[in-house]
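Working notes, structure below.
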Amino acid sequence: MGSKPRRRIAVTGGGTAGHILPALAFLEAYQRDAGAEGFFVGCHGGMELQLVPAHSVRLETIPGKPWERQGWLGRINALASLPPGIVAARRILRREKVELVIGTGGYASLGTCIAAKTLGLPVAIHESNVQPGLANRLISTFADLVGVGFEETRRTLGPRAVITGIPARPVVRSLPSIPNFIVLGGSEGSPVLNTEAPRLFSELQRRGLRFTVRHLTGFSDPGVVQRAYDTSGLDARVDGFVDDMGPVYATATFALAAAGALTLAELSACGIPCLLVPTPGTAREHQLSNAGFYSQQTGALTVPPGPWDPGTLASHIEAILNNAKKEGQPSRQGSGGSEQPAAVALVLACERLLDGINPSHN
């Protein structure tokens, strides 16, 4: 008897790392735990062009342009790009004999998931943010499986949604002898954090605290931020976007972070206390919803974009650090992650879906 053929799956999502990295995590889990073969479908101008090949994953691209945060001309272009994107995705899915498409949001996923549905293929999606994005809200109306990170999201997307959590990479932490602050602006960067964080750390230094800083500016110019730290004589290393965050989290004592869903999941899994600064102007202001929910669950402080009162925030951070020192362990504002990794939970749900409907190739 021959061996069972390996499943053929496609993952899709794009625009920002918050869509791309979860899709890659799901693909990795499917390949590892279910022996699947797969690839990534993205768009020509998205961040997936850099991130997906860096993970040694094959990338197929289709036409597509963003709708969110666009003017009327941009939205016309987005609508015009959808039909050719669907046609291109249909061609790819049929050529590759795909059995399942998993979307994680972003404009790249819309055309691919619609194409899958027109071919009679099962569609699964995952929404990491508390407030679902436009693409996933549309796809959820015809998706066969909807995975979400939060109970609030399940209530928004309907009773068929299942809570899987958000994929977060496991990290073994080894804290340094003095506090090590990390500043995380997300893949697109946070202008507020890039401006205000050096001022806050200058205040902490003025109070006599010894510490180091690792500041990630996203795809913003790290040189400008590095000069701000150097001018204040702070021990800081500034980089742009970093894909492998394990070493960054491993030595982190405290985080100043934007409120992207993936960042919050990783902070929670690592138990890193944080001060949240939602980036304004994100699609549907989803970072405000993320930060509000995370603060309610963990007690993390959420502050407005700025300008800040460095003295007040410095006092708050000192109190958290002192409390952690008394307890002899890092303060845990996070939930510590789910019992079952989110990527594995979604793979198991997809396998149940496929075994139940046994879709045929088209």
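The values are calculated or read from the model by the stated rules, or taken from the named source; none is laboratory data. Keep in mind that this is a model prediction, so the values were computed, not measured. Here the Cβ is made from the backbone with ideal geometry for all residues, glycine too, and neighbour counts use every protein chain on show.
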Quiz prompt | Sole residue being at pLDDT 85 or above, on the phi > 0 side of the Ramachandran plot and either out of contact with any strand residue (DSSP E or B) (no Cβ under 8 Å at 6 or more places or on another chain) or not assigned by TED's automatic domain parsing to the domain that holds ALA258 (or both), chosen from GLY35, GLY42, GLY85 | solution = GLY35
Quiz item: Got at least one residue in the range 6-19 being buried (at least 24 other Cβ atoms within 10 Å of the Cβ), part of a helix (DSSP H, G or I) and over 20 Å from the mean Cα position of the chain (by Cα)?
Solution: no
Quiz item: Does the range 70-91 contain any residue that is over 30 Å from SER220 (Cα atoms), of a type in the set (Val, Ile, Thr) and in a strand (DSSP E or B)?
Solution: no
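Can you name every residue in the range 105-131 that is within 13 Å of the chain's Cα centre (by Cα) and at negative phi?
Of everything in the range 105-131, those that are within 13 Å of the chain's Cα centre (by Cα) and at negative phi turn out to be HIS126, GLU127, SER128, ASN129, VAL130.
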Quiz item: Across the range 35-54, which residue is farthest from the chain's Cα centre (by Cα) among those that are crowded, with 17+ Cβ neighbours inside 10 Å and not in a strand (DSSP E or B)?
Solution: ALA36
Quiz prompt | the range 122-137, subset in contact with a strand residue (DSSP E or B) (Cβ under 6 Å, 6 or more places away or on another chain) and without any contact (Cβ under 8 Å) to a residue 40 or more places away in the chain, residue surrounded by the fewest Cβ atoms within 10 Å (Cβ to Cβ) | solution = VAL123
Quiz item: In the range 138-167, which residues are within 29 Å of THR118 (Cβ to Cβ), assigned to a loop (DSSP other than H, G, I, E, B) and among the β-branched types (Val, Ile, Thr)?
Solution: THR141, THR164
Self-check item: Tally, over the range 289-303, of residues that are surrounded by 18 or more Cβ atoms within 10 Å (Cβ to Cβ), under 14 Å from ILE272 (Cβ atoms) and hydrophobic (A, V, I, L, M, F, W, C)
Solution: 1
